[in-house]
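Chemist: This is the structure I want to talk about, given as C-alpha cells.
The values are calculated or read from the model by the stated rules, or taken from the named source; none is laboratory data. Note that the structure is a prediction, hence the values are computed from the model and not measured. No Cβ is skipped: glycine too gets one built from the backbone with ideal geometry, and neighbour counts run over all protein chains shown.
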C-alpha cells in the first residue's frame, strides 16, 4: 500500500481539492468542542483536536431521519402508502476520524449489514464513504482502546491513516479505496526520519494507555452468572438513567420508529433511542420486562460486554473512546464496571 | 436493494369482531400488488409489522395459514395507539404490512411427530395458523395425532368460534376447548383452567412436541404439567412477545441476551429459554 507525505501547510490545499471532487466531512471547532460536520470552507477542518464530543455515528445513522413520506389526503390514490425518499449517496470523504470511531463502524456493521437482512441506508452510506483517519499521538486519560482490541494507530475500518509527524502528515493507504484517494494527490518528499518517528509515536501512545481490564476475564464467564451477579446493584446505585452514555457512544445504535403528521402530510421517522429509558421495552399491556433501573443499567453493559461478543464472536461492542466516562454526570466508569465483571476489582497496572 | 422497512400496501378486505368484549378484531388483508403477495411467503409461527400511515407499526402474529391463498389474516387485540386506530378502520381502507418476520414453529422437525397445541385467550392466532396448516389435505399425513387444548375466560372470548366447532366434528384432531367459567347451560365443552384440563386430558408425550402460547400465568402453570406428562424442555416450544420496532434484528429493542426476539425468535424451545436472562 502506498504512503505519501503531506507538508502541514499543504493540507488545506488538499482538503480544497477533495472538496471539489467529494462531499467532505471533518472535525470542526464549534466554539466549545469539536464535532463532525460537512465542511463548507477548507480552513474549517481542524485536526488539532483530541476527539469530538459526540461520536461520528450520526454520519451513517443520523439521530433523526425521515425513513419514508406519505400523504393522508383521501383524494390522492396513494393515500396511506409509504414512499421512499431520494437521498444523496454521492462519494464523500470523512477526514480526521479517530481509529476508535472507525473501528466502531466495523462493530456496528454486523448489526446493520447481515447476510440476510441489510439496512439499506447504513449500507449505502458506508459504501459511498472513504474514511481518512488520524492516529492518536496523545490519547487522553479516559481512553482505553488498547484494552478492547483497538489501538491509537489501529487501521480497522479506515481507508487511509494519517499520522501527524510534526511538520506534516504521513498518509498510509489501508484499502484500495484509500489507495485511489491518495493516487489523486501530489505528495511532498518523505523526510528520512518519518518511519522511525511513526514507530516511536505509536509505541509512546500505546504505552500511555496500559490495560484497564482483561476482556477475556468476563467474556468467558457464564452469561446467566454475570446476569445475576450482585455487582449490578452497586453499578446501578448512582445511575440516573439519563441516557447520556448511549447518546455519545459510537456503538449504541438502538433506535425508535415513529410517525409524524402535519395536516395531511406525514413521515415515518427513525430516531435514536436507548435501553436506559423505561419506555424502550414498555408493552402496550403495561408489562415492562425492564421496568427497573437496575435491569436497564445491566442491559447496557451486558449488551456491550457479554451479549454482543457471545452473539458475534467479534470482541466486545466497545472501542474505548471514553466518551461515556467523560460525559456521565454521576461518574459511572465502564472500565470499573468491566473490572467488577472480571471478578471483583482488579486495579489497572 | 430491497428495503426491509418499507411496508407492502394492502387493502382491508374484511373486519370481524371476534370476542364479545369487542377487544379482538380479525382483519383480512389483500395485497395491492401481486408481486408483493408472491414475496410474502410465510410459515405458521411468523409475524408481521402492521403499518398504519400516521399511526405507526405493531408486530402481530400471522393468523392465516400459508395454505390459505389470496389474503393474509391478523387478529388484533385493542391495546395502544396503533391497534386502537386499526380497530376503527373499515373494509376498503389502505394500510401496510411488513414481513413475514421472525422464525416459525419447527415444521420440519415436527414431521412424523404427534403435536400438542396449548393456547389461551387471544394468543391463539399463530396456533390457528398452525392447525389450519396441519389439517390441510396436503399436509395432514405428515403429522401424527393432533391434540388442542384451547381456553378462554368465558365462551364469548374464544376466537374463531365457527372453526373451533368445525374442528370438534373432525376425527383427525382432538379438540379440548375449555373456559374458566360459564353460566351458559348449553355449554358443551370443558370448564376449567388450561393447566387443569391439560392434566385431565393428558396428551401423550410419546414422539410428541408441545406448542404453547398464552398469557404468562397460563404458561407458568402449564409447564409443570407438561413436564409431568414427560415432555422434555427441547420438545416444548413457545413464542415470546417483546416490544418491537424494526422487526428485523436491527433496532435493538427486543434484545434478550444473545437473541433478538424479532429475528432469532419469536419461537424458542424451553431448553433455549433456560439459557437466556428471563427479561421478557
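Chemist: Does region A:216-243 hold any residues that are outside any loop (DSSP other than H, G, I, E, B), away from every other protein chain (no Cβ under 14 Å) and in contact (Cβ under 8 Å) with a residue 60 or more places away in the chain, and which are they? Walk me through it before giving the result.
Modeler: First, pick out the residues of region A:216-243 that are outside any loop (DSSP other than H, G, I, E, B): A:216-219, A:223-227, A:231-236.
Remaining after also requiring away from every other protein chain (no Cβ under 14 Å): A:216-218, A:231, A:233-236.
Residues satisfying the conditions are A:217, A:218, A:231, A:233, A:234, A:235, A:236.
Chemist: For residue A:315, indicate whether it is in a loop (DSSP other than H, G, I, E, B) and either closer than 20 Å to residue B:82 by Cβ or within 11 Å of another protein chain (Cβ to nearest Cβ) (or both). Break it down into steps so the answer makes sense when it comes.
Modeler: Working: in a loop (DSSP other than H, G, I, E, B): yes; either closer than 20 Å to residue B:82 by Cβ or within 11 Å of another protein chain (Cβ to nearest Cβ) (or both): no.
Here the answer is no, as residue A:315 does not meet what is asked.
Chemist: Report, by residue number, each residue of region B:115-145 that is out of contact with any strand residue (DSSP E or B) (no Cβ under 9 Å at 6 or more places or on another chain), free of Cβ contacts under 8 Å to residues at least 60 places away in the same chain and part of a loop (DSSP other than H, G, I, E, B).
Modeler: The first filter runs over region B:115-145 and keeps only residues out of contact with any strand residue (DSSP E or B) (no Cβ under 9 Å at 6 or more places or on another chain), leaving B:132-133, B:136-139, B:141-142.
Filter once more, so that each one left must be free of Cβ contacts under 8 Å to residues at least 60 places away in the same chain: B:137, B:141-142.
Residue satisfying the conditions is B:137 alone.
Chemist: For region B:54-74, which residues satisfy the criterion of being closer than 30 Å to residue A:262 by Cα and touching a helix residue (DSSP H, G or I) at 6+ places or on another chain (Cβ under 6 Å)?
Modeler: Our first condition is that a residue be closer than 30 Å to residue A:262 by Cα; within region B:54-74, this holds for B:54-60, B:74.
Result: B:55, B:56, B:58.
Chemist: Among the residues of region A:255-266, what is the count of those that are without any contact (Cβ under 8 Å) to a residue 40 or more places away in the chain and crowded, with 21+ Cβ neighbours inside 10 Å?
Modeler: The number of residues fulfilling the criteria is 1.
Chemist: Taking the stated definitions as given, is residue A:303 within 19 Å of residue B:279 (Cα to Cα), within 8 Å of another protein chain (Cβ to nearest Cβ) and touching a strand residue (DSSP E or B) at 6+ places or on another chain (Cβ under 8 Å)?
Modeler: Values: within 19 Å of residue B:279 (Cα to Cα): yes; within 8 Å of another protein chain (Cβ to nearest Cβ): yes; touching a strand residue (DSSP E or B) at 6+ places or on another chain (Cβ under 8 Å): yes.
For residue A:303, the condition - within 19 Å of residue B:279 (Cα to Cα), within 8 Å of another protein chain (Cβ to nearest Cβ) and touching a strand residue (DSSP E or B) at 6+ places or on another chain (Cβ under 8 Å) - is met.
Chemist: What number of residues in region B:231-278 are in a loop (DSSP other than H, G, I, E, B), more than 17 Å from the chain's Cα centre (by Cα), touching a residue at least 12 places away in the same chain (Cβ under 8 Å) and farther than 21 Å from residue A:314 by Cβ?
Modeler: Adding up the residues that qualify gives 4.
Chemist: Residues of region A:169-197 being under 19 Å from residue A:96 (Cα atoms) and part of a strand (DSSP E or B), which ones?
Modeler: Matches in region A:169-197: A:169, A:170, A:171, A:172, A:173.
Chemist: Which ones in region A:108-131 are more than 8 Å from chain B (Cβ to nearest Cβ) and within 18 Å of residue A:86 (Cβ to Cβ)? Don't jump to the end; show me each part of the working.
Modeler: Let us first name the residues in region A:108-131 that are more than 8 Å from chain B (Cβ to nearest Cβ), namely A:108-110, A:113, A:115-116, A:121-122, A:125-131.
Across region A:108-131, the qualifying residues are A:121, A:122, A:125, A:127, A:128.
Chemist: Right, here's the next one. May I ask you to verify whether residue A:203 is away from chain B (no Cβ under 14 Å) and within 21 Å of the chain's Cα centre (by Cα)? Before you say what the answer is, go through the steps one by one.
Modeler: Numbers: away from chain B (no Cβ under 14 Å): yes; within 21 Å of the chain's Cα centre (by Cα): no.
So residue A:203 does not fit the description; no.
Chemist: Exactly one of these conditions fails for residue B:57: (1) away from chain A (no Cβ under 14 Å); (2) under 21 Å from residue B:264 (Cβ atoms). Give me its number.
Modeler: (1)
Chemist: For region B:121-153, give me each residue that is closer than 23 Å to residue B:196 by Cβ and either surrounded by fewer than 20 Cβ atoms within 10 Å (Cβ to Cβ) or at pLDDT below 95 (or both).
Modeler: B:121, B:122, B:123, B:145, B:153
Chemist: Then there's this: Can you tell me which residue is modelled with the highest pLDDT among those in region A:105-134 that are farther than 16 Å from residue A:56 by Cα and in a loop (DSSP other than H, G, I, E, B)?
Modeler: The selected residue is A:119.
Chemist: Filter region B:235-253 for residues that are under 23 Å from residue A:227 (Cα atoms) and more than 8 Å from every other protein chain (Cβ to nearest Cβ) and give the result.
Modeler: Initially, region B:235-253 is screened for residues under 23 Å from residue A:227 (Cα atoms), giving B:238-244, B:249-253.
Within region B:235-253, B:238, B:239, B:240, B:244 meet the criteria.
Chemist: Test residue A:279 against the criterion of being surrounded by fewer than 18 Cβ atoms within 10 Å (Cβ to Cβ), farther than 24 Å from residue A:110 by Cβ, modelled with pLDDT of 95 or more and more than 7 Å from chain B (Cβ to nearest Cβ), and give yes or no. Quick ask: steps written out before the conclusion?
Modeler: On the way: surrounded by fewer than 18 Cβ atoms within 10 Å (Cβ to Cβ): yes; farther than 24 Å from residue A:110 by Cβ: yes; modelled with pLDDT of 95 or more: yes; more than 7 Å from chain B (Cβ to nearest Cβ): yes.
Judged against the criteria, residue A:279 is a match.
Chemist: If we keep just the residues of region B:254-280 that are closer than 18 Å to residue B:215 by Cβ and within 13 Å of chain A (Cβ to nearest Cβ), which is surrounded by the most Cβ atoms within 10 Å (Cβ to Cβ)?
Modeler: Among those residues, the one meeting the criterion is B:261.
Chemist: Only one of (1) more than 9 Å from chain A (Cβ to nearest Cβ); (2) free of Cβ contacts under 8 Å to residues at least 60 places away in the same chain; (3) part of a loop (DSSP other than H, G, I, E, B) fails for residue B:19. Which number is that?
Modeler: (2)
Chemist: Is it true that some residue in region B:102-121 is over 17 Å from residue B:245 (Cα atoms) and within 14 Å of chain A (Cβ to nearest Cβ)? Break it down into steps so the answer makes sense when it comes.
Modeler: Just the residues of region B:102-121 that are over 17 Å from residue B:245 (Cα atoms), to begin with: B:104-121.
Checking which are within 14 Å of chain A (Cβ to nearest Cβ) leaves us with B:121.
Yes: region B:102-121 contains one or more residues that are over 17 Å from residue B:245 (Cα atoms) and within 14 Å of chain A (Cβ to nearest Cβ).
Chemist: Continuing with the same structure: Any residue at all in region A:164-172 that's modelled with pLDDT of 95 or more and within 14 Å of chain B (Cβ to nearest Cβ)?
Modeler: no
Chemist: Same structure again: For region A:42-59, how many residues meet the condition of being surrounded by fewer than 21 Cβ atoms within 10 Å (Cβ to Cβ) and assigned to a helix (DSSP H, G or I)?
Modeler: 5
Chemist: Taking residue A:312, is it surrounded by fewer than 20 Cβ atoms within 10 Å (Cβ to Cβ) and within 19 Å of the chain's Cα centre (by Cα)?
Modeler: When the stated conditions are applied, residue A:312 passes them.
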